[in-house]
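The values are calculated or read from the model by the stated rules, or taken from the named source; none is laboratory data. Keep in mind that this is a model prediction, so the values were computed, not measured. Here the Cβ positions follow ideal geometry from the backbone for every residue, glycine too, while neighbour counts run over all protein chains shown. With ligands, DNA and RNA removed, areas are computed over all heavy atoms of the protein, side chains included. Shrake-Rupley method; radii C 1.70, N 1.55, O 1.52, S 1.80 Å.
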Amino acid sequence: MSDSPHRRFNPLTGESVLVSPHRAKRPWLGQVEKTPPENLPQYDPSCYLCPRNERAGGVRNPDYESTFAFDNDFAALLPDSPTDARSDHPLLASVPERGLCRVVCFSPRHDLTLPELELAAVEKVIATWTEQTVDLSRQDFIHYVQVFENKGAMMGCSNPHPHSQIWGNEFIPNEPAKELERQRAYIHQNGRTLLSDYLAEEHKRQERVLFTNDYFTALVPYWAVWPFETMVIAHRNVAYLSELTPAEVNGLAEILKRVTTRYDNLFEIPFPYSMGFHQAPFDGQSHPEWTLHAHFYPPLLRSATIRKFMVGYEMLAMPQRDITPETAAERLRSLPDIHYKHRV
Ligand code: H2U
Ligand code: ZN
C-alpha cells in the first residue's frame, strides 16, 4: 500500500493526509530558498536579544548568563483587554480574549542554536519553559499555555539569536482543543491513553521510530504532513512539563538535542522549523487522557533550498505529501548524532 496513493488518519486531530509516494521524483522549477546565514558572531551589537542590548520597546536586556525570559514587547495578547464587548450576531461571532506573551532566550550566545548547546544548557531551557508555564498558568484568566519556537527566516523567525515564545491564552487554541477532544474520547473508549497505545505500536513496528531513551521517544508520526515532521512523546503519562522528574528533563534534553542535530545534519544547514509542546489545558480539570508531547514542523522538502508549499490542494482540500513518513524516518535515522559543525 505504501507505494500507491493513500490517505492516513491523524487520531490526535481527526484529520487526514493524502500520501502520494510516486510523486516524489517530480521536477522542480519553482522557488529556491536562500540558505540560512552561517558563522554568526557570538555577540551582535544590533541584536535585540543579545545581553546588555536595548530592545525595540526601549528596555535594556540584563547581562544574562544562561536563559532569559521577558514579556513580549509586541504581545499578541494582553492581560487587561476589556471583557464585555461581545458580537451581536451568531454569524459574526467574537469574544474578547486575554493573555500574556513572553519571549525566552536560550543562551547569551547569538550564534548557538538548540543542537549546539551543551546538554546542561538544554536542560536549563526546559527548566525555563517549565517555570514560565507554571507562572503563566497561575493567572486566573489563563487556561492554556503554548511553548513554541520558530527557527529560521523561512518560518518567519525575526532573529537568529536562539529564542522561543510562550503565549498564555484565556481560551484553548484550535490545535490543542482538537487533541483534547480526541484524547478524551480515546481514554473513555479504551481505558488507556491514545499516545501510550500509539507509542507501543510504533515500538513494535520500528518503522518510524528515530530513537528513544528511558523517558522519551522521537518518531516520524504515521500521519505526518510536513516532509520531515517529527514528534517527541513522553513515555510516562504526564500532562505538563512541571511533572517531569530531573531524570526525565535530562532525557527530554537529550532527545531534543538529537532531533535538532539530525535535522541540521540532513542538509548541513541550521534546519528551519516551528516546534512546540502540547501540554494539557489549565482549566481546573484533571487530564488523565493527556500525554505530554512536542511537534516539530520543518518546511524543507528535498534540499536546503527547496521547501514544501502548503498551497493549492492543501489550502482548498487537505494536506498532501510525497515522500512517505517511513522514508523520512529512514533518512533521519541514517544521519550521525554529531553536529556537522563539530565534525573533525
Ligand atoms: P519570532 O520567534 O517570530 O522571531 O519572534 C520574536 C518575538 O520577539 C516577536 O514576537 C518580540 C516580537 O514581538 N520582540 C520583542 O518582544 N522585543 C523586541 O525588541 C523585538 C522583538
Ligand atoms: Zn543576539
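Figures for the structure shown
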| quantity | calculated |
| --- | --- |
| Any hit, region 11-21, residues being touching a residue at least 24 places away in the same chain (Cβ under 8 Å), within 16 Å of ligand 2 (Cβ to nearest atom) and more than 29 Å from F171 (Cβ to Cβ) | no |
| Tabulated pairs, region 149-167, first more than 23 Å from S66 (Cβ to Cβ), second modelled with pLDDT under 95 and part of a strand (DSSP E or B), C-beta under 8 angstrom, 6+ apart or interchain | M154/L300; M154/R307 |
| Tally of residues being part of a loop (DSSP other than H, G, I, E, B) and open to solvent by 40 Å² or more (accessible area, probe 1.4 Å) across region 241-258 | 1 |
| Hey, Y43 within 16 Å of ligand 1 (Cβ to nearest atom) and at pLDDT 90 or above or not | no |
| Residues within region 122-155 that are under 30 Å from T305 (Cβ atoms), open to solvent by 30 Å² or more (accessible area, probe 1.4 Å) and either charged (D, E, K, R) or not in a strand (DSSP E or B) (or both), tallied | 3 |
| Which listed residue is assigned to a strand (DSSP E or B), hydrophobic (A, V, I, L, M, F, W, C) and more than 30 Å from D135 (Cα to Cα), from V32, V17 | V17 |
| Single unsatisfied condition, H161 versus (1) within 16 Å of ligand 2 (Cβ to nearest atom); (2) assigned to a strand (DSSP E or B) | (2) |
| Count - residues of region 84-101 that are open to solvent by 30 Å² or more (accessible area, probe 1.4 Å) and either in contact with a Lys or Arg (Cβ under 7 Å, 6 or more places away or on another chain) or within 21 Å of S274 (Cα to Cα) (or both) | 1 |
| Enumeration of residues in region 175-228 that are assigned to a loop (DSSP other than H, G, I, E, B) and either of a type in the set (S, T, Y) or open to solvent by less than 20 Å² (accessible area, probe 1.4 Å) (or both) | T193, R208, Y215, V220, P221, Y222, W223, A224, P227, F228 |
| Residue list for region 288-308, filter: in contact (Cβ under 8 Å) with a residue 60 or more places away in the chain and assigned to a loop (DSSP other than H, G, I, E, B) | P288, E289, W290, T291, P298, P299, A304, T305, K308 |
| Verdict on A69 being within 16 Å of ligand 2 (Cβ to nearest atom), in a strand (DSSP E or B), open to solvent by 30 Å² or more (accessible area, probe 1.4 Å) and hydrophobic (A, V, I, L, M, F, W, C) | yes |
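Listed here are the residues, each with its yes/no results for (1) away from ligand 1 (no atom under 16 Å from the Cβ); (2) hydrophobic (A, V, I, L, M, F, W, C); (3) over 19 Å from H161 (Cα atoms).
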site	(1), (2), (3)
R86	yes, no, yes
S94	yes, no, yes
R98	yes, no, yes
V103	no, yes, no
H110	no, no, no
V122	yes, yes, no
T130	yes, no, yes
V134	yes, yes, yes
H143	yes, no, yes
